[in-house]
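Worksheet for the structure shown next.
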There are 2 protein chains.
Amino acid sequence: MVAPSLQLDQLSETCSHCSLRYLCLPYGLSQDDILELERLVSTGVPIRASEELFVQGDTLEDIYAIRDGSMKTVVVDEDGLEQILGFYYPGDLLGLDGFADQTHHCTAVALKPTHVCRIPVGRLDRLVDKLPSLRHQLMRLMSQALSDEEKLLLTLGRKNSMGRICSLLLTLSRRREMRGLASSPVSLSMKRLDLANFLSMRLETVSRVLTRLQRDGVICVRQNDVDILDIEALRARSSQGAWVADQ
Amino acid sequence: MVAPSLQLDQLSETCSHCSLRYLCLPYGLSQDDILELERLVSTGVPIRASEELFVQGDTLEDIYAIRDGSMKTVVVDEDGLEQILGFYYPGDLLGLDGFADQTHHCTAVALKPTHVCRIPVGRLDRLVDKLPSLRHQLMRLMSQALSDEEKLLLTLGRKNSMGRICSLLLTLSRRREMRGLASSPVSLSMKRLDLANFLSMRLETVSRVLTRLQRDGVICVRQNDVDILDIEALRARSSQGAWVADQ
DNA sequence: CGTTGTTTTGACTTTATTCAAGCATGGTGG
DNA sequence: CCACCATGCTTGAATAAAGTCAAAACAACG
């Protein structure tokens with residue numbers, strides 16, 4: 001489902017008028033159900049860049065939807081290894097992984113000044129009991145998260161550095177389209193180090209690959225914005241940089 | 001929670017007498033609730049080695065619990081890339097990832113002759129409505145699946161070949177303990193190629209690492225069974241073979 | 001036994017990492 | 001306003017790690 005258009009000033013305090021409603025929790029709900037949902041939602045204080053929205057281990061009290069800005073989620077394991085699990089943009093939901101045991105499994109950090117909608121899980125849970133359509137959308141979004149993770153697994157496991165970068169650029173571009181934006185200037189609000197961590201590369205390698213893509217005329221890098229000049233070349237490199245296990 | 005003991009001949013047709021009940025769906029349910037659950041469960045025909053239990057894209061009609069044997073799950077993406085998502089042993093549940101959109105997201109293949117319990121999702125769904133404890137256990141198992149995937153992400157992303165193999169051996173050993181078995185002779189019922197695919201390595205590298213671990217007196221490989229001779233050395237190598245992203 | 005499938009080993013090549021240095025950019029304070 | 005430093009990014013040369021190709025050893029099974 002593609003949002004017809006997105007204007008930041010169209011974001012209202014109510015779900016029913018929000019331009020992100022086709023991506024977010026309200027999708028698939030009737031007008032009446034959306035009205036019930038939006039009574040739960042509050043727009044919290046803005047989050048400053050590099051500030052944390054919630055921390056791994058926290059009790060789950062709210063889930064969040066991004067209104068404006070961007071965030072990343074990070075897990076840390078017993079050995080202190082860090083892995084970025086994903087980058088999040090307007091319309092994306094955060095905190096779903098804590099649903100099962102009422103605890104956040106990752107830490108969410110803002111990449112730039114960010115506004116979120118806050119939805120208390122207790123009240124959401126009760127509403128889910130009442131509205132089957134809401135339960136379905138919630139489960140759809142959870143399964144989305146799961147298959148996103150599987151996709152990342154495939155990218156990390158089966159692609160070389162060029163394939164990984166190209167896949168990421170294509171994904172970010174496609175997600176812009178989903179939000180009703182032009183596909184082309186992808187804004188890398190995260191640092192090179194974040195990209196490197198997410199893709200399990202070193203930041204030097206990230207830099208080299210981006211330079212090479214620019215030299216080959218596939219993209220144009222200007223600080224944090226990347227113009228996609230040749231999307232077909234990007235697609236080709238994304239699947240060329242992959243190996244298939246032989247029988 | 002650790003099962004007190006496991007004898008294959010103790011597996012009965014009923015959940016309430018099954019020696020795997022502490023690992024499986026019945027965990028946390030009252031005696032009465034288990035009786036309700038076991039009315040849904042049927043033990044299907046045995047599955048031959050390398051036979052498929054369900055296929056990616058199939059409509060979700062049942063979920064399965066392994067009684068005896070072992071299986072793997074595989075996803076294939078648009079480009080034809082394959083990734084093994086996990087290996088499954090007695091007490092493990094299969095098919096949970098299809099819950100959200102009623103479609104299997106992966107293919108399940110038997111690694112050796114395997115017996116499963118079959119649970120129809122339609123009837124399970126109705127029972128879940130009735131029994132909150134069952135819903136909780138189901139969600140616990142789903143979140144388990146999600147965090148297993150995150151763990152795999154960390155292993156693939158942040159560990160070298162030695163660290164990956166050692167992590168896997170430790171995990172398999174710990175899961176044997178969970179089932180009430182001795183930790184030591186881990187049986188690798190999967191082929192080297194499966195190990196390689198799961199860990200995103202080439203099978204030659206898997207072989208070299210196993211040889212080196214054996215030469216160093218950490219393990220003893222005899223065809224498909226691996227004795228763990230020095231579990232501390234294994235743990236050390238598991239975390240040594242990891243790199244931490246610098247600030 | 002011979003055939004087939006699987007695993008191990010070896011020599012060589014490719015790829016990405018490491019370490020180190022050099023550029024930008026953007027703010028701060030003299 | 002400009003020197004200065006901090007931060008983040010790029011580039012280069014040397015090194016280490018894992019991948020490739022090819023062959024040999026091993027096991028399983030009729």
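The values are calculated or read from the model by the stated rules, or taken from the named source; none is laboratory data. Everything quoted here is computed from the prediction, not taken from an experiment. All Cβ positions, glycine included, derive from the backbone under ideal geometry; neighbour counts span all protein chains shown.
Numbers below:
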{"item": "Residue within the stretch A:44-52 that is assigned to a loop (DSSP other than H, G, I, E, B), basic (Lys, Arg) and touching a strand residue (DSSP E or B) at 6+ places or on another chain (Cβ under 7 Å) present", "result": "yes"}
{"item": "Hits in the stretch A:144-170 - residues which are of a type in the set (Ser, Thr, Tyr) and out of contact with any strand residue (DSSP E or B) (no Cβ under 9 Å at 6 or more places or on another chain)", "result": "A:Ser161"}
{"item": "Selection within the stretch B:156-171 - within 15 Å of DNA strand C (Cβ to nearest atom) and buried (at least 19 other Cβ atoms within 10 Å of the Cβ)", "result": "B:Leu156, B:Gly157, B:Arg158, B:Lys159, B:Gly163, B:Arg164, B:Ile165, B:Leu168, B:Leu169"}
{"item": "Hits in the stretch A:202-241 - residues which are more than 10 Å from DNA strand D (Cβ to nearest atom), in contact with a Leu (Cβ under 7 Å, 6 or more places away or on another chain) and within 11 Å of chain B (Cβ to nearest Cβ)", "result": "A:Arg235, A:Ser238"}
{"item": "Matching residues, the stretch B:206-239, being hydroxyl-bearing (Ser, Thr, Tyr), modelled with pLDDT of 95 or more and under 23 Å from the mean Cα position of the chain (by Cα)", "result": "B:Ser207"}
{"item": "Cβ-Cβ under 7 Å pairs, at least 6 apart or on other chains, the stretch B:63-80 side not assigned by TED's automatic domain parsing to the domain that holds B:Arg176, far side charged (D, E, K, R) and in a strand (DSSP E or B)", "result": "B:Tyr64/B:Arg118; B:Val74/B:Glu82; B:Val76/B:Glu82"}
{"item": "Complete set of residues in the stretch A:186-219 that are near DNA strand C (Cβ under 10 Å from one of its atoms) and not in a helix (DSSP H, G or I)", "result": "A:Ser200, A:Met201, A:Arg202"}
{"item": "Among the candidates B:Ser42, B:Ser50, B:Ser70, residue that is in contact with a Leu (Cβ under 6 Å, 6 or more places away or on another chain) and among the hydroxyl-bearing types (Ser, Thr, Tyr)", "result": "B:Ser70"}
{"item": "Odd one out for A:Cys24, checked against (1) within 14 Å of another protein chain (Cβ to nearest Cβ); (2) closer than 28 Å to B:Pro132 by Cα; (3) of a type outside the set (Gly, Ala, Ser)", "result": "(1)"}
{"item": "Close pairs (7 angstrom Cβ cut-off, 6 or more residues apart or separate chains): free of Cβ contacts under 8 Å to residues at least 60 places away in the same chain in the stretch A:38-51, surrounded by 13 or more Cβ atoms within 10 Å (Cβ to Cβ) anywhere", "result": "A:Glu38/A:Thr14; A:Glu38/A:Cys15; A:Glu38/A:Ser16; A:Glu51/A:Ala110"}
{"item": "Residue under evaluation A:Leu199, criteria (1) within 14 Å of chain B (Cβ to nearest Cβ); (2) near DNA strand D (Cβ under 8 Å from one of its atoms); (3) in contact with a Ser or Thr (Cβ under 9 Å, 6 or more places away or on another chain), criterion not met", "result": "(2)"}
{"item": "Output for the stretch A:112-151, where each listed residue is at the interface with another protein chain (Cβ under 7 Å from one of its Cβ atoms) and either at pLDDT 90 or above or more than 16 Å from B:Asp148 (Cα to Cα) (or both)", "result": "A:Met139, A:Arg140"}
{"item": "Among residues of the stretch A:48-102, those that are within 14 Å of another protein chain (Cβ to nearest Cβ) and among the acidic types (Asp, Glu), counted", "result": "6"}
{"item": "The stretch B:177-235, subset hydrophobic (A, V, I, L, M, F, W, C) and in contact (Cβ under 8 Å) with a residue 60 or more places away in the chain, residue surrounded by the most Cβ atoms within 10 Å (Cβ to Cβ)", "result": "B:Phe198"}
{"item": "Hey, B:Ser183 outside any loop (DSSP other than H, G, I, E, B) and either under 23 Å from the mean Cα position of the chain (by Cα) or not hydroxyl-bearing (Ser, Thr, Tyr) (or both) or not", "result": "no"}
